1. Can you name every residue in region 6-17 that is surrounded by 13 or more Cβ atoms within 10 Å (Cβ to Cβ) and either of a type in the set (D, E, K, R) or touching a residue at least 24 places away in the same chain (Cβ under 8 Å) (or both)?
2. Report the residue count in region 68-90 for those that are surrounded by 18 or more Cβ atoms within 10 Å (Cβ to Cβ) and either within 8 Å of residue 186 (Cα to Cα) or aliphatic (A, V, I, L, M) (or both).
3. Sort through 17, 85, 75 and tell me the only one that's farther than 30 Å from residue 179 by Cα and of a type in the set (Asp, Glu).
4. Of (1) closer than 29 Å to residue 218 by Cβ; (2) surrounded by 20 or more Cβ atoms within 10 Å (Cβ to Cβ); (3) touching a helix residue (DSSP H, G or I) at 6+ places or on another chain (Cβ under 6 Å), residue 42 satisfies all except one. Which?
5. Let me spell it out: the conditions are (1) without any contact (Cβ under 8 Å) to a residue 24 or more places away in the chain; (2) under 30 Å from residue 106 (Cβ atoms); (3) touching a helix residue (DSSP H, G or I) at 6+ places or on another chain (Cβ under 7 Å), and residue 170 meets all of them except one. Which number is the exception?
6. Taking region 259-291, which residues are more than 25 Å from residue 22 (Cα to Cα), touching a residue at least 12 places away in the same chain (Cβ under 8 Å) and either of a type outside the set (D, E, K, R) or in a strand (DSSP E or B) (or both)?
7. Among the numbered criteria (1) touching a residue at least 24 places away in the same chain (Cβ under 8 Å); (2) farther than 17 Å from residue 211 by Cα; (3) crowded, with 19+ Cβ neighbours inside 10 Å, which one does residue 36 miss?
8. Look at residue 269 and say whether it is outside the structural domain of residue 210 (by TED's automatic domain parsing) and under 22 Å from residue 210 (Cα atoms).
Amino acid sequence: MLQLVIPKGSLEKSTLELFADADLSIHRGSSVDYKGSVKDPRIDSVRILRPQEIGKYVADGLFDLGITGRDWIEETASNVQSLGELHYSKNTARPVNIVLAVPEESPWEEVKDLPQGVRISTEYPELTRSYFQANGIEAELQLSYGATEAKAPEIVDAVVDITETGRALQAAGLKVIGTVLTSFTELIANPVSYADTEKRLAMEQIQTLLQGVLEARGKVMVKMNVSKQDLGSVIGILPSMKSPTVNELFGGEGYAIETVVLKEQINILIPELRGSGATDIVEIPISKIVH
């Protein structure tokens, strides 16, 4: 039914892991194969291509569904339907930023300080052109094929580059003076395919599985028993995504409690629960959480 395209490169491994955890494992002949398949009736075929191309290919209808960054969707002016962001981080959403950076010793502190005719190196010429036009600056753009941060100040005056933490730019002696775009990884669809009722349902079901995996990452379920007299103290120390589930045990001699907590808290939480009167404590891994 659906033709799927996923990104090759830095997101390739984590994307393959995400689909595997969602019980949508992508099978390939080898680790360098650009084609794959999924044993699922909703997905007919899988291609693995550079994220720079994916937005345009999905917009053109070559694929129904794809994963790429908002930066490349905007750079290629791709008309796609976004089904939502995919936060690959375990507990928090960390985006990447397309930023304007200049040498640390330069007097420029914001984009409007740059002179007319400033020389810029970037892998994002369209985003950069629009950014400078919006700020009333005429810029001479030079397309970069990598190592963009290494080109200032000897080759260009400034760079527009992608960064997650800013450390690589700092190491190159650059300072950030503007943000062109904040970008997350997104699940995108071809608008015509999305308008098809059957395909749209399949897309939404796949999105549910992927988001369920991401929601579950870094979390575990904890179950325990507690007596009536200790119920209040146990509930009082129990963190949870929502209110914990509490059920009375057979015979009315106590309660069974279950809740979802962060995995990073569990080594502190279990001894505290035990000390507050909880018994029969069980920690259970979670593969998906679907709200």
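1. The answer is 6, 7, 8, 11, 12, 14, 15, 17.
2. 7
3. 17
4. (2)
5. (3)
6. Listed by number, the residues that qualify are 269, 270, 273, 276, 277, 278, 279, 280, 281.
7. Failed condition: (1).
8. No: the conditions fail for residue 269.
The values are calculated or read from the model by the stated rules, or taken from the named source; none is laboratory data. Because the structure is predicted, anything quoted here is derived from the model rather than measured. Cβ atoms come from the backbone with ideal geometry, glycine included; neighbour counts cover every protein chain shown.
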